[in-house]
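Before any comments, here is the structure.
What follows is calculated from the coordinates using simple rules that are stated; it is not laboratory data. All values derive from a computational prediction rather than experimental measurement. In this analysis, Cβ positions are derived from the backbone assuming ideal geometry, glycine residues included, and neighbour counts consider all displayed protein chains.
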Amino acid sequence: MRIMRSLWLRVGLCLTATLWLCDAGAQPADEFYLGRRELTLITSGATGGGYDQYTRMLARHMGKYLPGTPTIVVQNMVGGGGIRAANFLYNVAPRDGGVFGLIDRGMPTAPLLYGEKSQARFDAVRLSWIGSVMRETGMGVVAARSVVKTIEDARQHEIFFGSTGPETDPAMFVRLVNDLLGTRLKAIHGYKGQPEEFQAIEKGELDGLFMSGWSGPGRAYVRDRMGRGELRLLVQMSPRKDPLHAETPTILELVSTPDARQIVQLVLDRMTLGRPLLGPPGIAADRLALLRRAFRMAVEDPELKADAEKQRLALDPTSGEEAERVIKALYATPVAVVERTRRIVAVAGE
């Protein structure tokens, strides 16, 4: 009898917990956010880097457009170039709309480009897409002291580029240009973020890096150092040139075959996701709608725009609906194109 009572008690507790979770999930979005004093916004970027700055800027302004104006608390979750944060959001974070994140733009397509070799443990199409604060372009940057001044030089000399992890865009760009353009770049992984990579360039430990985001504090830093004659641009990872740097070729100008252009286009289309803001899968539709609305209103807020200008952060937002369409289209890419791209950007051997 004692055993039976214990079993029934456990069943009752389980049923109570289940009902509580159902009630929480059924709670209207307005009531849910009115009852929350704090929300958690995770960033995969290191403190002081571009992702961290964009995340903290959104945290300062987005909460006032949610019911109850909750405080948004930023949590840095660095590791694997963003894999740790992405896996946490998908597999561990509560799915109630109280936790969301701004992660490395290379993470949502890591399963697509790296397949079974990826450390990603998520289905990007199922993530709850809130928006992106900036559409991005990439830029290859080298130290002015480097023997490499042009792509042709990079075919003749081995130089070292930094990255935070093998599945990030900067590391993937190294493999891409090596395969398609015949360069001899070597990726060195394990840096915490862009500030540490710039320091390594200053010390002579690295020759350069690929910036997958030409919008944040990194852009301002590079332009300042270019003015001092310390850095130069090597190649633009974009279908369109930055008008301020028309003399620097784009990768699409440098590849010659239709197959190569198709592969490059797949890689560059991902840049629309820029600085992706997303939540775990399964957030209730009305809560996701409120998060998307708060994001849209925040990025149009004159105070946020002034904040961005003060920090020299560019803004070119993408809505959650558009980001969701982009990710679905990317995962619908023909298998043959994906397989050819995977062979080129594979992490094997690093």
* Distance between region 236-269 and region 164-194 - C-alpha centres, whole angstrom -> 17 Å
* Working from Cα positions, state the angle (0 to 90°, nearest 10) between the long axis of helix 194-203 and the longest principal axis of the chain. => 30 degrees
* Helix 302-311 axis, angle to the chain major axis (alpha carbon atoms, nearest 10°) -> 40 degrees
* Asked: Using alpha-carbon pairs under 8 Å, 6+ residues apart, how would you state the relative contact order of the chain in percent?
  -> 25 percent
* Helix 50-62 versus the longest principal axis of the chain: what angle, 0 to 90°, nearest 10, using Cα atoms? -> 40 degrees
* Asked: So which aspartates and glutamates pass the test for LYS149, namely a Cα distance under 20 Å, with those fewer than 8 places away in the same chain ruled out?
  -> GLU158, ASP179, GLU197, GLU202, GLU205, ASP207, ASP224, GLU230, ASP242, GLU247, GLU253
* To do: Can you put MET107, MET77 in order of Cβ neighbours within 10 angstrom, beginning with the fewest?
  => MET77, MET107
* To do: Putting +1 on Lys and Arg Cβ atoms and -1 on Asp and Glu Cβ atoms, find which of GLY106, VAL125, ALA187 reaches farthest to the positive end of the dipole of region 106-193.
  => ALA187
* In debye, nearest 20, what is the charge dipole magnitude of the chain about its Cα centre with +1 on Lys and Arg Cβ and -1 on Asp and Glu Cβ, if you could check? => 580 debye
* Structure fact -> Env charge @ THR71, Cβ radius under 12 Å, K,R +1 / D,E -1, value +3
* **Amide H contacts of LEU39 (H built 1.01 Å from N, under 5 Å, at least 5 apart or other chain)** => THR71, ILE72, VAL73
* To do: Amide H neighbours of ILE130 under 5 Å, at least 5 residues apart or on other chains, H built in the peptide plane: list them.
  => LEU277, LEU278, GLY279
* Structure fact -> Highest GNM mean-square fluctuation among ALA306, ALA220, ALA171, for the chain with Cα springs under 10 Å, belongs to ALA306
* Asked: Can you give the relative contact order of region 138-270 as a percent, counting alpha carbon pairs under 8 Å and 6+ residues apart?
  -> 31 percent
* Can you put GLU321, GLU116 in order, fewest other beta carbons within 10 Å first? -> GLU116, GLU321
* Just tell me which lysines come within less than 22 Å, Cα to Cα, of LYS305; anything on the same chain fewer than 8 places away is out. => LYS64
